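The structure that follows is given in the form of structure tokens.
Throughout, read-outs are computed from the coordinates displayed, never taken from laboratory work. All figures in this text were calculated on a predicted structure; none of them were measured in a lab.
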Amino acid sequence: MKKILLALALVATLSVGYAQQVSSRAKAMRMMTYAKSEYMVKDVKVYTDTMTVYSLSEYVIYPFGKWETVEDYITDCQLQWYREIGYKKYFDSMEVSVNTLRRLDGSFIDLYRAIWTGRVEVLQGKISDKEVVLANGVHVGMTKEEVFGVLFHKFPLSYVSDISVLKVVSGANEVGQIYTFKGNRLRHVGIISNYKYY
């Protein structure tokens, strides 16, 4: 009798686990149909509390817009940045001249001007200041629904209610933004880059 109950409990556990995997994939596929065309979304993955959106849009590579110099960006955004200039290791094999822009709250962006693209590229960053606005209008303090509304035409609220991390990455997962929510508000935006621009 104990063996039968144990076997039934095991089957029930495996069935629930399989059902959750199927529902996550179904949720991701449905979210793809809601994606805005300008983001050229090629895939969406949902794993527990994280949603990853794979986009071919240039916005993913240039979250602050396209600039030829760091000064152009500073002038356009009209925010007070504290600027540090130095060299940082990149891919452990070379050093590049990096401009680090900082805000008083600890927000920062590491930027450099690439030889091949002729544009200012982002190495990394973390934004927690509400004054810093990304090129698509996202800023810290927005509601979860507002942030998802930038990427998607519409979506069921139940699909995003348990999401606490939204990653928007390039097709090869080399560059992207990581939106972290606390409750229903955007707490900070991380910017990652593993792409060799130089």
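How long are the semi-axes of the equivalent ellipsoid of the stretch 35-162, taking √(5λ) for every eigenvalue λ of the Cα gyration tensor, in whole Å from largest down? Before the final figure, lay out the partial values.
On the way: eigenvalues 168, 62, 42 Å².
They are 29, 18, 15 Å, listed from largest to smallest.
Relative contact order for the stretch 141-184: what is it in percent, counting Cα pairs under 8 Å that are at least 6 residues apart? Could the numbers behind the result be given before it?
Numbers: 28 pairs, mean separation 15.1, N = 44.
About 34 percent, as a whole number.
What per residue convex hull volume, in Å³, do the alpha-carbon atoms of the stretch 130-198 yield?
Working: hull volume 7.0 nm³, N = 69.
For the stretch 130-198, the hull spanned by Cα atoms encloses 101 Å³ per residue.
Just to confirm my numbers, what's the Cα centroid distance between the stretch 131-178 and the stretch 22-94 in Å?
When both Cα centres are located, 9 Å separates them.
Tell me, what is the percent relative contact order of the stretch 22-151, built from C-alpha pairs under 8 Å that lie six or more residues apart?
Contact order relative to length: 17 percent.
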